[in-house]
Amino acid sequence: MKITICGSIAFFGQMLKIKNDLEKLGHQVKLPPTTVKDDKNKTITVEKYYQLRKQEKNPNSWIWDEKTKAIKDHFKKIEWAEAVLILNYKKKNTPNYIGANTFLEMGLAFHFDKKIFLLNSIPEMSCTEEVLGMQPLIINNNLTLIK
């Protein structure tokens, strides 16, 4: 199956491991980018970019140009895929967190009738009802349930 992994970049290390595990099961997998270009056109890791983005307050910063590009690029990966796997781990004291960007990606997958898999159960958040309405398949960390 062609799968695009979605989730907070704070979970990037887990994304790499899950990608490897899914490929061992015979799936084709796409991730968010591993690097971005900074304002001096220097390549930086996505983890470094995430740290910079969390500190940025200037709405005209290069940071937001990269964020725009990353959103659009990941949307293309969702269109390519047959399914999305949402990595929802604990973040911000919320078990099974689904952030705003990941929720957008789930909505796009839902619109294109892609299968939506959640690694863990649906979190108690402001968007819980909407997530329930998308009827994701909860796999409870069992990647073999992705079919």
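Some points to look at:
- Of all residue pairs spaced 6 or more apart or on separate chains, those with beta-carbon atoms under 9 Å, a first member in segment 9-26 that is touching a residue at least 24 places away in the same chain (Cβ under 8 Å) and part of a helix (DSSP H, G or I) and a second member that is surrounded by fewer than 15 Cβ atoms within 10 Å (Cβ to Cβ) and of a type in the set (S, T, N, Q) are F12/T34; F12/T45; L22/Q28.
- As for segment 66-84, it holds at least one residue that is more than 30 Å from K147 (Cβ to Cβ), acidic (D, E) and over 13 Å from the mean Cα position of the chain (by Cα).
- Tally, over segment 11-55, of residues that are surrounded by 15 or more Cβ atoms within 10 Å (Cβ to Cβ) and of a type in the set (V, I, T): 5
- Restricting segment 79-115 to residues that are among the basic types (K, R) and more than 20 Å from N141 (Cβ to Cβ), the residue that is surrounded by the most Cβ atoms within 10 Å (Cβ to Cβ): K114
Every number in this text was worked out from the coordinates using simple rules, so none of it is lab data. Note that the coordinates shown come from a computational prediction; the quantities given were computed from them, not determined experimentally. We place every Cβ from the backbone using ideal geometry, glycine too, and count neighbours over all the protein chains shown.
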